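The values are calculated or read from the model by the stated rules, or taken from the named source; none is laboratory data. No experiment lies behind these values; they were computed from the predicted model shown. Methodologically, a virtual Cβ is constructed for each residue, glycine included, from the backbone with ideal geometry; neighbour enumeration extends over all protein chains shown.
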Amino acid sequence: MAPLGSRDALPGGMNPDLASERLAASFSVELLTASLDGGAERTRGRRAIVEAIESDPVFSQENQYFQSQNEKYEAAVRRAVYLQKKIRAMGWTQNGPEVQDICRCLSGDIALVLHRVFMRSISVLGSDKQIAKWIPLATDYQIIGSYAQTELGHGTYLQGLETTAVFDTATQEFILNTPKISAMKWWPGDMGRSATHTVVFAQLYVHGKCYGVHPFILQIRSLEDHSPRPGVTVGDIGPKMDFQHADNGFLLLQNVRVPRENMLSKFCEVQPDGTYVRWGSQKINYFTMTSVRISILSDEAIVPLMKACTIAIRYSAVRRQSKLKPGEQEAKILDYQTQQQKLLPQLATAYAFHFINTYLHELFNKGYQDIQAKNFDSLPELHAFSSGFKALITQHCTSGVEICLRACGGHGYSLLSGLPSLYTRIIASCIYEGENTVLLLQTARFLIKCFMAASAGQRVPPSVTYLSSVKSGKCPAKDKSDFLRPEIYLKAYEQMAVRSVTKLQHLIQSGVDKHDAWNQCTVQLEKAAKAHCHYITVKNFVEAVENLDNKAGIQKIMKHLCDLFALHGIFSNVGDFLYDGHLTAAHMDLVTASYLDLLAVIRKDAVPLVDAFDFTDKSLSSALGSYDGQVYQRLYEWAQKSPTNQQGNPAYDKYLKPLLQNTLSKL
Amino acid sequence: MVMNADLRRERAAATFQPELLTHVLDGGAERTRRRREIEALVINDPDFQHEDLNFLSRSQRYEQAIRKSALMVMKLREYGIADPDEIYMFKSFVHRGRPEPLDLHLGMFLPTLLTQATPEQQNRFFMPAWNLEIIGTYAQTEMGHGTHLRGLETTATYDPATQEFILNSPTVTSIKWWPGGLGKTSNHAVVLAQLYTQGQCKGLHAFIVPIRQLGTHEPLPGITVGDIGPKFGYDEMDNGYLKMDNFRIPRENMLMKYAQVEPDGTYVKPLSDKLTYGTMVFIRSIIVGDSARALSRACTIAIRYSAVRHQSELKTGEPEPQILDYQTQQYKLFPLLATAFAFHFVGTYIKDTYRRISADIIEGDLSELPELHALTAGLKAFSSWIANAGIEECRMACGGHGYSRCSGLPDIYVTFTPSCTYEGENTVMMLQTARFLMKSYMQVGSGQRVTGMVSYLNDLTRQHIQPQHVAAARAAWLVEAAAKNLQAELNHRKSKEDAWNVTSVDLVRASDAHCHYVVVKLFTAKLSEISNAAVRAVMTDLCLLYALYGISKNTGDFLQANILTSTQLNQVNQRVKELLAIIRPNAVALVDSFDFSDGYLGSVLGRYDGNIYETMFEWAKKSPLNKTEVHESFHKHLKPMQAKL
């Protein structure tokens, strides 16, 4: 069981509708939690950290749904500052597994996140001398950093950035300018109000020649009174759909000078006389960008989907509406097939992504070791992986969270349900760290290249060898139970992915103009990239299930989820699977039948399956999703705390009273 | 500011006059003129100006909305605007398409009095409510009950001794929850409660309940009322809760035009309960129109922005292209643009049909109502789901800037998305349509012919060449498949209800296909009514795109049903891509024809003149975090940290 105190207790105890769900579990929830964490020891460690943070009133999120932008920002700064003290007091390490647990626990509601990116970019892009100078200052928070790349007019296309850094040999300085409005830096986190420094990306000019985009360390605010430095105009970019706690900023530069030593110079340098020198390989930097995309997936996409599933499934077991049979009690909405068809595939997706995420992390750790050993062979594949999976996972998790929100009826729209904020946060993940469409097209480019190489008999990376080795053929399934055999559905996925890629290769080569041909095929290219990543996800889920311990019913329930994930993918993309005749219309009826059967099977374990994610009530912050299922009591109590009920009603005296007393003309 | 050069070029290259298409959308040049006249009354009125809502707190937004609503009531009378459509228009301009605290008073409380109150009750309540001495709301939904009305738990028990009803909210789940304007604004509510008289439950009835003291606005003894807290949008609306403890109202406060309770407690049954249908049809037809409008706004913003925004390279060495030139961007936006027009025409069709048959309804002829009711339930769900997803697609098509509130898109989304749930939860709506489809299918099976929108079920084997027929064939196939599966489940000796539940995924798909067919059919029918050839040509392209895109999105159904072959589907996909290129030059002119003013659109990215970046900067400078040059958090938290660590 989870430690005491991690669940809020209301009088009335556990809702009997949830209690009965838990009694019926076919597997051990605690063992599944341990398996998800990577061992019982890790589970214990994580819970200890969660307990330490959640029991500390400074980290209380009790008022989060009632705060203004200013209040949220201030609270996030307060938490960030206090967290540094807490980490030291508790003896947690800055780079160990604790950080991961802390992040999950605080769910990103914290300021100074970009400070870490600032430090990482100096460590990766800076010379030893620069690292020695800046990293200690940043570690002690003598300076607060940000990372200024995106401009008002430029995001995706880095070469198009318009900020300039012109080298002045006379003073040995770079002169930084944002020459027009679209060149203004726009969006960088922590820059609007908090940061004193930033790494700014600008087009380097020496003696009138442009050398492309380079990073510079720039002080933007006074270390005395925090006022902007001369020539610097900086501020907050205004309210967003969410991330109200974050001061995403703008930055205008007018002839701001930084010393020559402030250009980050691990790979290149401007010498005092203006000579531009480049050395070493930038591939390691390329690897950093790529691995960031993988590192955000868990906290920013998969965990939010798990939380949304927890809330929606627990609520669906408590909420009763309408009758399935006349004369009976109103049914739990989780018993309606349409509700199962909304929620259970999302649950299966959350598990599928948990496993693929583990796989990707292992892959990248290995890649990092290779690269340390100066072996860059795996880079293109890793890049394709990071682009494609970042897009696939953020997109599926986003739509999953929205489905959960809408499956909770009216109450889902209350902020107190926790679902709207999960949604407005996660949707940003489809855009940041690479816009999803752009990323999928990068993966598609890799696939086409590999396919052509393989066709020409060259060696290709392991993840794409299937493109050239698959023989087409008919699916041998005869009965609906055949579609519960992984080799049957894996084959279907494989065929579909291969067909998506091979079909395109002809189209692209047939065009007269290469660029036009590419643009004319992008809709299908995007699809091909998704098909590839979807296939890999199913395959990995199958393998992960095979490797699970066959005890306490865990492997069995995971197998069901894996089947559901695979069949839901076919059920939702029938056209793509029927196209080349590997599956027939008759097969589709079998897939549908198996798929619907699985919904009823997994329904029985739905609540234990979300319990296994092991979120505390505090981290869910949901009146609908709490462990004890006292939904209505909590909703009523939380609503009373709303400022609209705690403060007077100025609108009454000013407007309603004259209106009601029919003195409209005095308004 | 001068117009952005890209947008000027786009407009010059259009093959038709947007003004003429605007007339088609409004229903004639005269209507366009009048709409603009009404909008001018609002936008040129300094009383309706205020700070950007994005910078205001929830309480401030509520206060602004109340202020404007109070003014609005006065000005409507001053201008003598009394036609319901024109009132709706005026209100929409005042609140820029956003909800406001008097919505339920105007849209539910007053109409309920009109249709369900006796003449005596009209005298007592209607005129005071019309004059806003009484502000009312409509309290139906409870914390534990929404969809299933019969499950409501609030009770009204008749006490013949005092000739009063005693109202109670006996459990937490019975607390009224969500009604708009209930939290802080209203002093009365129409409350739906289970009527008990002479020891028997007579089911749900409506009662007029005073909740706040006139003069002080304090809750009355026995009444607990308040705001339900912050939501996903709807900041200006005080959705409320209401708990009643032995609260007594006179017998005459039960709405008794139909059912009655006599002084001694004798219950008199109403004649028919089908009349409530009419109101539901009307409100759902409005939601179809709302879907069209919300999606049109989102398309206007995304398409204008995509014409102004340049990014990356299509060809090495060339300048960065407008992002509207990327096929993936066109594929995201143009089908949605076509959908916005389609929904507009469908919304108008339902409203007109309802008007046409409402005369019959008053005469007591309800024969056409069931089909219209079944159709609007499904179309409400179909259109709101697609518009909801479409708005998000438009927002994401605007990249990072779409996520800023200055784009207007987050606001359009959060304002629109509850319509998937209110006035009938969408899945439940789809299943209502499915019930009608199953009934029609059975009729055909028993040798009867069916008429209207389901007549395609009469002949399940004809050839399909035109997109409209192809859409009908898909619907027919899915209806048939659902009906057969339902029968198969019944044959497994399952109860009727179990069989329905385990077939409901199929049933929703059948309804979805049916609705898609109806939209294609109505869009196609509209084309012949457009007199200007250039406008008709561009609408024909959009209509074809709508139909073919629907096929390409559901290729599985067509292959599985053997309606189209893989080769034919390849041709469909190819044609969709060609249509994207054909529509591209008219994209900006098409959204211009929606004729949204910048004030109404509320978007920096969607400005008519395209001066996006300058305006964004000006907007950001007014943001709350920028009120002081150094934020107080620096002195409170950051500076001490730097000193101590």
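From the list A:A651, A:A612, A:A639, exactly one residue is hydrophobic (A, V, I, L, M, F, W, C), touching a residue at least 12 places away in the same chain (Cβ under 8 Å) and within 22 Å of B:S57 (Cβ to Cβ). Which is it?
Details: A:A651 fails: touching a residue at least 12 places away in the same chain (Cβ under 8 Å); A:A612 fails: within 22 Å of B:S57 (Cβ to Cβ).
Of A:A651, A:A612, A:A639, the one residue that is hydrophobic (A, V, I, L, M, F, W, C), touching a residue at least 12 places away in the same chain (Cβ under 8 Å) and within 22 Å of B:S57 (Cβ to Cβ) is A:A639.
Among the residues of the range B:297-323, count how many are surrounded by fewer than 24 Cβ atoms within 10 Å (Cβ to Cβ) and either in a helix (DSSP H, G or I) or of a type in the set (K, R) (or both).
3
For residues that are under 30 Å from B:L409 (Cβ atoms), in contact with an Asp or Glu (Cβ under 8 Å, 6 or more places away or on another chain) and not in a strand (DSSP E or B), tally how many sit in the range A:246-293.
Result for the range A:246-293: 5.
Determine whether B:Q432 is modelled with pLDDT of 90 or more, over 30 Å from B:P179 (Cβ atoms), polar (S, T, N, Q) and not in a loop (DSSP other than H, G, I, E, B). Working first, answer last.
Numbers: modelled with pLDDT of 90 or more: yes; over 30 Å from B:P179 (Cβ atoms): no; polar (S, T, N, Q): yes; not in a loop (DSSP other than H, G, I, E, B): yes.
Answer is no for this residue.
Without any contact (Cβ under 8 Å) to a residue 40 or more places away in the chain, surrounded by 23 or more Cβ atoms within 10 Å (Cβ to Cβ) and β-branched (V, I, T) - does that describe any residue in the range B:190-208? First the steps, then the outcome.
Taking the range B:190-208 first, the residues without any contact (Cβ under 8 Å) to a residue 40 or more places away in the chain are B:199, B:201.
In the following step, the residues that additionally are surrounded by 23 or more Cβ atoms within 10 Å (Cβ to Cβ) were identified as none.
No: the range B:190-208 contains no residue that is without any contact (Cβ under 8 Å) to a residue 40 or more places away in the chain, surrounded by 23 or more Cβ atoms within 10 Å (Cβ to Cβ) and β-branched (V, I, T).
From the list A:A444, A:A384, A:A428, which residue is part of a helix (DSSP H, G or I) and within 11 Å of the chain's Cα centre (by Cα)?
Numbers: A:A444 fails: within 11 Å of the chain's Cα centre (by Cα); A:A384 fails: within 11 Å of the chain's Cα centre (by Cα).
Exactly one of A:A444, A:A384, A:A428 is part of a helix (DSSP H, G or I) and within 11 Å of the chain's Cα centre (by Cα), namely A:A428.
What number of residues within the range A:288-341 are of a type in the set (D, E), without any contact (Cβ under 8 Å) to a residue 24 or more places away in the chain and more than 14 Å from every other protein chain (Cβ to nearest Cβ)? Write out each step before concluding.
Let us first name the residues in the range A:288-341 that are of a type in the set (D, E), namely A:299-300, A:328, A:330, A:335.
Then keep just the ones that are without any contact (Cβ under 8 Å) to a residue 24 or more places away in the chain; that gives A:328, A:330.
Imposing the further condition that a residue be more than 14 Å from every other protein chain (Cβ to nearest Cβ) reduces the set to none.
The total comes to 0.
Which one of A:A600, A:A623, A:A586 is within 13 Å of chain B (Cβ to nearest Cβ), over 24 Å from B:I551 (Cα atoms) and part of a helix (DSSP H, G or I)?
Values: A:A623 fails: part of a helix (DSSP H, G or I); A:A586 fails: over 24 Å from B:I551 (Cα atoms).
After applying the criteria, what remains is A:A600.
So, of the residues in the range B:402-426 that are more than 9 Å from every other protein chain (Cβ to nearest Cβ), in a helix (DSSP H, G or I) and over 17 Å from A:K240 (Cβ atoms), which turns out to be modelled with the lowest pLDDT?
Here the answer is B:S419.
Rundown of residues vs (1) polar (S, T, N, Q); (2) assigned to a helix (DSSP H, G or I); (3) surrounded by 24 or more Cβ atoms within 10 Å (Cβ to Cβ), yes/no style:
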site: B:S367; (1), (2), (3): yes, no, no
site: B:E371; (1), (2), (3): no, yes, no
site: B:A377; (1), (2), (3): no, yes, yes
site: B:K380; (1), (2), (3): no, yes, yes
site: B:S384; (1), (2), (3): yes, yes, yes
site: B:G390; (1), (2), (3): no, yes, yes
site: B:G400; (1), (2), (3): no, yes, no
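Test each condition in (1) at pLDDT below 90; (2) more than 24 Å from B:A259 (Cα to Cα) for B:T115 and report the one that comes out false.
(2)
Only one of these conditions is not met by B:A161: (1) surrounded by 24 or more Cβ atoms within 10 Å (Cβ to Cβ); (2) away from chain A (no Cβ under 13 Å). Which number is it?
(1)
Would you point out the residue of the range B:37-54, among those that are surrounded by fewer than 19 Cβ atoms within 10 Å (Cβ to Cβ) and within 12 Å of chain A (Cβ to nearest Cβ), that is nearest to A:N649 (Cα to Cα)?
B:L53
Taking only the range B:568-617 into account, find how many residues are assigned to a helix (DSSP H, G or I), closer than 25 Å to B:A40 by Cβ and within 13 Å of chain A (Cβ to nearest Cβ).
Keep residues of the range B:568-617 that are assigned to a helix (DSSP H, G or I), which gives B:568-592, B:598-601, B:612-617.
Now restrict to residues that are closer than 25 Å to B:A40 by Cβ: B:588-592, B:598-601, B:615.
Right, trim to within 13 Å of chain A (Cβ to nearest Cβ) and you get B:615.
Residues in the range B:568-617 being assigned to a helix (DSSP H, G or I), closer than 25 Å to B:A40 by Cβ and within 13 Å of chain A (Cβ to nearest Cβ): 1 in total.
If B:T155 satisfies all but one of (1) closer than 30 Å to B:L56 by Cβ; (2) of a type in the set (V, I, T); (3) touching a residue at least 12 places away in the same chain (Cβ under 8 Å), what's the number of the condition it fails?
Every listed condition holds for B:T155 apart from (1).
I need the full set of residues from the range B:330-344 which are surrounded by fewer than 22 Cβ atoms within 10 Å (Cβ to Cβ) and either closer than 26 Å to A:E151 by Cβ or in contact with a Lys or Arg (Cβ under 6 Å, 6 or more places away or on another chain) (or both), in order please. Can you show your working first?
Residues of the range B:330-344 surrounded by fewer than 22 Cβ atoms within 10 Å (Cβ to Cβ): B:331-332.
If the condition is that a residue be surrounded by fewer than 22 Cβ atoms within 10 Å (Cβ to Cβ) and either closer than 26 Å to A:E151 by Cβ or in contact with a Lys or Arg (Cβ under 6 Å, 6 or more places away or on another chain) (or both), then B:K332 is the only one that fits.
Please find, within the range A:447-464, the residue that is surrounded by the most Cβ atoms within 10 Å (Cβ to Cβ) out of those that are without any contact (Cβ under 8 Å) to a residue 40 or more places away in the chain and not in a helix (DSSP H, G or I).
Residue satisfying both the conditions and the ranking: A:V460.
Considering only residues of the range A:370-381 that are not aliphatic (A, V, I, L, M) and not in a helix (DSSP H, G or I), which is surrounded by the fewest Cβ atoms within 10 Å (Cβ to Cβ)? Don't jump to the end; show me each part of the working.
To start, the set of residues in the range A:370-381 that are not aliphatic (A, V, I, L, M) comprises A:370, A:372, A:374-378, A:380-381.
Next, only the ones that are not in a helix (DSSP H, G or I) stay: A:374-378.
Numbers: A:K374: 9, A:N375: 11, A:F376: 16, A:D377: 11, A:S378: 19.
Taking the candidates together, the pick is A:K374.
Hey, among the residues in the range A:231-245 that are in contact with a strand residue (DSSP E or B) (Cβ under 6 Å, 6 or more places away or on another chain) and in a loop (DSSP other than H, G, I, E, B), which one's nearest to the other protein chains (Cβ to nearest Cβ)?
Result: A:I237.
For B:S291, state whether it is at pLDDT 90 or above and either more than 24 Å from B:E100 (Cβ to Cβ) or within 14 Å of chain A (Cβ to nearest Cβ) (or both).
On the way: at pLDDT 90 or above: yes; either more than 24 Å from B:E100 (Cβ to Cβ) or within 14 Å of chain A (Cβ to nearest Cβ) (or both): no.
When the stated conditions are applied, B:S291 does not pass them.
Among B:L114, B:L110, B:L106, which is without any contact (Cβ under 8 Å) to a residue 60 or more places away in the chain, hydrophobic (A, V, I, L, M, F, W, C), in a helix (DSSP H, G or I) and under 24 Å from B:S59 (Cβ atoms)? Spell out how you get there, then give the answer.
Details: B:L114 fails: under 24 Å from B:S59 (Cβ atoms); B:L110 fails: under 24 Å from B:S59 (Cβ atoms).
None of the other options fit; the residue is B:L106.
Considering (1) surrounded by 16 or more Cβ atoms within 10 Å (Cβ to Cβ); (2) away from chain B (no Cβ under 13 Å); (3) of a type outside the set (S, T, N, Q); (4) in a helix (DSSP H, G or I), say which one A:W518 fails and leave the rest.
Of the numbered conditions (1) surrounded by 16 or more Cβ atoms within 10 Å (Cβ to Cβ); (2) away from chain B (no Cβ under 13 Å); (3) of a type outside the set (S, T, N, Q); (4) in a helix (DSSP H, G or I), the odd one out for A:W518 is (2).
Of the conditions (1) assigned to a helix (DSSP H, G or I); (2) more than 14 Å from chain B (Cβ to nearest Cβ), A:D109 clears all except one; give me its number.
So the condition that A:D109 fails would be (1).
Would you tally the residues in the range A:558-597 being more than 16 Å from B:G556 (Cβ to Cβ) and free of Cβ contacts under 8 Å to residues at least 60 places away in the same chain?
2
What are the residue pairs meeting all of these: first residue in the range A:18-35, first residue charged (D, E, K, R), second residue surrounded by 19 or more Cβ atoms within 10 Å (Cβ to Cβ), Cβ atoms under 8 Å, and 6 or more apart or on different chains?
A:E21/A:A317; A:E21/A:A606; A:E21/A:V607; A:E21/A:P608; A:R22/A:V29; A:R22/A:V607; A:R22/A:P608; A:R22/A:D611
Please state which one of A:D576, A:D580 is out of contact with any strand residue (DSSP E or B) (no Cβ under 9 Å at 6 or more places or on another chain), part of a loop (DSSP other than H, G, I, E, B) and facing chain B (nearest Cβ under 9 Å).
Values: A:D576 fails: part of a loop (DSSP other than H, G, I, E, B).
Exactly one of A:D576, A:D580 is out of contact with any strand residue (DSSP E or B) (no Cβ under 9 Å at 6 or more places or on another chain), part of a loop (DSSP other than H, G, I, E, B) and facing chain B (nearest Cβ under 9 Å), namely A:D580.
Can you name every residue in the range B:618-628 that is within 7 Å of chain A (Cβ to nearest Cβ) and over 21 Å from A:I181 (Cβ atoms)?
So the first thing to find is which residues in the range B:618-628 are within 7 Å of chain A (Cβ to nearest Cβ), and the list is B:619-621, B:623-626.
B:P624 - this is the single residue of the range B:618-628 that is within 7 Å of chain A (Cβ to nearest Cβ) and over 21 Å from A:I181 (Cβ atoms).
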